[in-house]
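Written below as structure tokens is the structure these notes are about.
The values are calculated or read from the model by the stated rules, or taken from the named source; none is laboratory data. Just so we're clear, the structure is a prediction, and the values are computed from it rather than from any experiment. Glycine gets a Cβ as well: all are built from the backbone with ideal geometry, and neighbour counts include every protein chain shown.
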Amino acid sequence: MARRSGQTPPPEDFTENIIDIDVAEEMRGSFLEYAYSVIYSRALPDARDGLKPVQRRILYSMNAMGLRPDRGHVKCARVVGEVMGKLHPHGDGAIYDAMVRLAQPWAMRMQLVDGHGNFGSLGGDDSPAAMRYTEARLSREAMLMVAGLDEDTVDFRPNYDGQELEPEVVPAAFPNLLVNGTTGIAVGMATNMAPHNLGEVVAAARHLLTHPGATLDDLMRFVPGPDLPTGGKIVGLDGIRDAYENGRGTFKTRATVRVETIGRRKALIVTELPYNVGPERVVAKIKDMVQAKKINGIADLKDLTDRTVGLRLVIEIKNGFIPEAVLEELYRLTPMEESFGINNVALVDGQPKTLGLRELLQVYVDHRIEVVRRRSLFRRRKREERLHLVDGLMIALLNIDEVIQVIRSSDDTAQAKARLMEVFELSEIQSQYILDTPLRRLTRFDRLELEKERDTLMKEIAALTAILESETKLRAVVSKELNEVSKEFATPRRTVLLESSGQTKSAVVPLEVADDPCFVLLSSTGLLARTMNVNPLPDDGPRAAHDVLVSVIRTSARAEFGVVTSAGRMIRVNTIDLPALPPTSAPPSLSGGAPLEEYVDLVAGERVVGLGDLSEEGPGLALGTEQGVVKRVANDYPGNRDEFEVITLKDGDTVIGAVQLDSEDQDLVFIADDSQLLRFTAANVRPQGRPAGGMAGIKLGPDAKVIWFGALDPSRESVVVTISGSSTALDGTQLGAAKVADYADYPPKGRATGGVRSHRFLKGEDSLLLAWAGPTPAAAVTATGKPSDLPAELGRRDGSGAPLAAPVAAVGGSIGPRRTGDEE
């Protein structure tokens, strides 16, 4: 064939080298290399830090650029360029998309990037702005992920061109994979992990650190289910159990909806949507269903979502239609109910594996133990190196005249260093450090400072050595650091967990639910729930993992009960509207309850003080006020009113406690802030009509007020818990001193008397901050519902308390309810 003009001829020694290969084998090998690259370098997270390579490179680069929370934001384009140019050999689109997700509060339970600008919308209906318009910096939570990178805690590897180094994994001071979840599609496999609550995951990790043989059931006491960033309700706990056991499972998420009256119509108010579902998608689907006449009864639909009120969809219902029935159709036909499939696939030692909850926690715990071990080795090495220099400088100070003479008589620096090493038996590093030290450092004051520094270094080296030589101490350090992270960053649970039946306030058809006996529970953090758990539990039975019970009443599923407020109002609520907790032999966890705000509207300064039975049977409701008034309300509640007064209060007085009596033989108990406790039989208080103002209960001292009122069965083993402190520091942060005493030690007195002293104040104390009396054992919680320890030993009736380790926000019952007489 003729050569074209201008074409370079082949060299004279050119010989063709054609290799025959099997195309099928070549394609197989190439595809395997591609698949491994996608799995390992792109799509799947590492089980240790929960990050994909691009996410890890973003955090590492932003940290190296100094984009910390205390610095200003910079253009996202700068970050993307830095990551792409040095570490990530892919397009800028993939980097920016990953960065955007790290900044979206509806996608991440704990944001790792603090963004300014338009980073998209819930559900992805609105695209984020271009990277040249948005700005970002690392969040405080992200600093926990990269803290310790400069202390040889993880291995580094060369980047794609060998000119830079990048970490194989980041130290990750919290279990990011479980807390934030992830999603990714690889070749032949995919991952889809749900976010969880930081406080719950950390509690489980700490339990696994302390009890390496913990079972899945043990860990699920701390992690009952996912906690989605957008809240909502999870329906179907069986799928969660499967996912935690085998790594795969499915559950349904539902929108949070309440029924309100707007004008003359009822309306469904949507305040939370399923995970990854945006309001635009829901609105469009509802309109399509209405136009197709598949959903009837909707009069109007408004999307009132904004940055001030958050998510708010208002669905007005036509007159003549039942809102609950319409809502059931919306759940069935629109994205207001979605399925979420958990597929816990992550990289372990470079290999993709499907992991259950225990395996995920174990991998993270092992990683964190290795990080702390390597960090301790690094810190000990640095302190040993510094101690070596300090020892050399101390020798120079003790022989300062000779050192100066040696240096002055030397011809050059090298000779001076050699002679110092020979005369004073110093190392080369020590000699060079002495030569580099200015003369102004060689004073008597600096000698004292060096001796102090030497002693400090030796103590720190001994402490680090003790950690490295003891597996128990090493685990204790990891557990302590996790606890500190939880204290600072943990937030209350957002997602409500429901049984597979999915009974919620807005999805109830009363005729479909049997009118079975049940209990209504109220927790200290304001959660309401109902449970069928009526089995008696021994006093040494398992404790509730979340929150404490402050009020419990017996009723039935289709009955009504009353919520009593501090203003003396009783608000009627349908029992069937409450979420049902799973039936179990263990005490129910109130984390599956619903907030009080979904059922009652309170005015400013008003709070809920207890629950009441609206039936016409029984000895009635007992009330106690701040000014010491007691009242038994006769069972004459109006049946045609949703709320009504149950007591006429004096000016400035408020209701402190409300309790439904089981019998007139129960004790009524007042506890005042001056530590006086009064108990007397309920039979001494005659029932009165609703408008009555009650009668004298406890005689209060000057400036004293009641802080707790309740009723106890004197035949049961009960305790009195008192927490003292200073009345001038009632900000909720002081620790105080707590005492647990036997209720039987407090003698009964007559009504309208002053009672007996229940607590002796220590120096600096002048008031009771909290008090509670009830069946043993008692439990205390923080403001977020986390358990807090109380003294284990019973104290004297009028004795003082023991200092608390953490502030206590509430005290209440810690075991499930019992029927009267079930003890036998």
Test set (1) more than 19 Å from H367 (Cα to Cα); (2) assigned by TED's automatic domain parsing to the domain that holds A147 - P224 fails condition number: (2)
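Output the residue which, of all residues in the range 654-680 that are more than 30 Å from N574 (Cβ to Cβ) and out of contact with any Leu (no Cβ under 8 Å at 6 or more places or on another chain), is modelled with the lowest pLDDT.
The first filter runs over the range 654-680 and keeps only residues more than 30 Å from N574 (Cβ to Cβ), leaving 665, 667, 669-680.
Cutting the leftovers down to out of contact with any Leu (no Cβ under 8 Å at 6 or more places or on another chain) gives us 665, 677-678.
Numbers: D665: 92, L677: 96, L678: 96.
Once the filter is applied, the top-ranked residue is D665.
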Long-range neighbours under 6 Å by Cβ, at least six apart or interchain, first residue on the phi > 0 side of the Ramachandran plot within the range 505-531, second modelled with pLDDT under 80 and outside any strand (DSSP E or B): none
Elements of type strands (runs of 3 or more DSSP E) contained in the range 663-756, each with 1 or more residues being among the aromatic types (F, W, Y), without any contact (Cβ under 8 Å) to a residue 24 or more places away in the chain and outside the structural domain of G774 (by TED's automatic domain parsing): none
Considering residues of the range 430-457 that are at pLDDT 90 or above and in contact with a Leu (Cβ under 7 Å, 6 or more places away or on another chain) only, the residue farthest from L397 (Cα to Cα): L457
Residue among G123, G117 that is touching a Phe, Trp or Tyr at 6+ places or on another chain (Cβ under 7 Å), surrounded by fewer than 20 Cβ atoms within 10 Å (Cβ to Cβ) and either under 17 Å from P229 (Cβ atoms) or not hydrophobic (A, V, I, L, M, F, W, C) (or both): G117
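Please verify whether A346 is small (G, A, S), within 27 Å of A243 (Cβ to Cβ) and buried (at least 17 other Cβ atoms within 10 Å of the Cβ), treating the condition exactly as stated. Give the steps one after another, and end with the answer.
Values: small (G, A, S): yes; within 27 Å of A243 (Cβ to Cβ): yes; buried (at least 17 other Cβ atoms within 10 Å of the Cβ): yes.
Taking the combined requirement at face value, the residue satisfies it.
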Members of the range 640-653 that are touching a residue at least 12 places away in the same chain (Cβ under 8 Å), part of a loop (DSSP other than H, G, I, E, B) and out of contact with any Leu (no Cβ under 9 Å at 6 or more places or on another chain): R641, D642, T648, L649, K650, G652, D653
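Looking at the range 232-266 only, could you name the residues that are under 30 Å from D601 (Cβ atoms) and without any contact (Cβ under 8 Å) to a residue 40 or more places away in the chain? Working first, answer last.
The initial filter retains those residues of the range 232-266 that are under 30 Å from D601 (Cβ atoms), namely 232-235, 252-266.
Result: E260, T261, G263.
Looking at the range 269-305, which of its residues are charged (D, E, K, R) and part of a loop (DSSP other than H, G, I, E, B)?
To start, the set of residues in the range 269-305 that are charged (D, E, K, R) comprises 272, 280-281, 285, 287-288, 293-294, 300, 302-303.
Answer for the range 269-305, where residues must be charged (D, E, K, R) and part of a loop (DSSP other than H, G, I, E, B): K293, K294.
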Filter result for A204 (under 25 Å from V154 (Cα atoms), crowded, with 21+ Cβ neighbours inside 10 Å, within 13 Å of the chain's Cα centre (by Cα) and of a type outside the set (S, T, Y)): yes
The one condition in (1) closer than 28 Å to Q660 by Cβ; (2) out of contact with any Lys or Arg (no Cβ under 9 Å at 6 or more places or on another chain); (3) at pLDDT below 85; (4) in the same structural domain as S727 (by TED's automatic domain parsing) that A805 fails to fulfil: (1)
Matching entry among A779, A792, A783 (being out of contact with any helix residue (DSSP H, G or I) (no Cβ under 6 Å at 6 or more places or on another chain), assigned to a strand (DSSP E or B) and either in the same structural domain as R716 (by TED's automatic domain parsing) or under 30 Å from V223 (Cα atoms) (or both)): A779
Any hit, the range 91-112, residues being over 24 Å from the mean Cα position of the chain (by Cα), surrounded by fewer than 16 Cβ atoms within 10 Å (Cβ to Cβ) and among the hydroxyl-bearing types (S, T, Y): no
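Rundown of residues vs (1) buried (at least 18 other Cβ atoms within 10 Å of the Cβ); (2) more than 19 Å from E626 (Cα to Cα), yes/no style:
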{"residue": "I707", "(1), (2)": "yes, no"}
{"residue": "E717", "(1), (2)": "no, yes"}
{"residue": "I723", "(1), (2)": "yes, no"}
{"residue": "G736", "(1), (2)": "yes, yes"}
{"residue": "A741", "(1), (2)": "yes, yes"}
{"residue": "P747", "(1), (2)": "no, yes"}
{"residue": "T753", "(1), (2)": "no, no"}
{"residue": "L769", "(1), (2)": "yes, no"}
{"residue": "S788", "(1), (2)": "yes, yes"}
Long-range neighbours under 8 Å by Cβ, at least six apart or interchain, first residue in the same structural domain as A142 (by TED's automatic domain parsing) within the range 105-122, second of a type outside the set (G, A, S) and part of a strand (DSSP E or B): L112/L138; V113/R137; V113/L138; D114/R137; D114/L138; G115/E135; H116/E135; G117/E135
Of all residues in the range 361-391 being under 12 Å from L208 (Cα atoms) and out of contact with any helix residue (DSSP H, G or I) (no Cβ under 6 Å at 6 or more places or on another chain), the one that is surrounded by the fewest Cβ atoms within 10 Å (Cβ to Cβ): D366
Index of the failed condition, D70 passing every other in (1) among the charged types (D, E, K, R); (2) touching a residue at least 12 places away in the same chain (Cβ under 8 Å); (3) not in a helix (DSSP H, G or I): (2)
Residue match in the range 557-570 (condition: among the polar types (S, T, N, Q) and modelled with pLDDT under 90): no
Some residue of the range 312-328 being assigned to a loop (DSSP other than H, G, I, E, B), surrounded by 13 or more Cβ atoms within 10 Å (Cβ to Cβ) and basic (K, R): yes
Whichever residue in the range 464-488 is of a type in the set (A, V, I, L, M) and out of contact with any Ser or Thr (no Cβ under 9 Å at 6 or more places or on another chain) and, among such residues, is nearest to R374 (Cα to Cα): V478
Top-ranked residue of the range 392-426 - restricted to ones that are part of a loop (DSSP other than H, G, I, E, B) and over 60 Å from the mean Cα position of the chain (by Cα), ranked as farthest from E449 (Cα to Cα): D411
Filter result for D49 (closer than 27 Å to R368 by Cα and modelled with pLDDT under 95): yes
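How many of the residues making up the range 422-477 are touching a Gly at 6+ places or on another chain (Cβ under 9 Å) and not aromatic (F, W, Y)? Before the answer, list the steps.
Keep residues of the range 422-477 that are touching a Gly at 6+ places or on another chain (Cβ under 9 Å), which gives 424, 426-427, 429-431, 433-434.
Those left that are additionally not aromatic (F, W, Y): 426-427, 429-431, 434.
Selection size over the range 422-477: 6.
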V154 being part of a loop (DSSP other than H, G, I, E, B), in contact (Cβ under 8 Å) with a residue 24 or more places away in the chain and in the same structural domain as R71 (by TED's automatic domain parsing): yes
Residue count, the range 121-143 (criterion: in contact with a Lys or Arg (Cβ under 9 Å, 6 or more places away or on another chain), in a loop (DSSP other than H, G, I, E, B) and within 21 Å of K52 (Cα to Cα)): 1
Number of positions in the range 216-259 that are at pLDDT 90 or above, among the acidic types (D, E) and surrounded by fewer than 23 Cβ atoms within 10 Å (Cβ to Cβ): 4
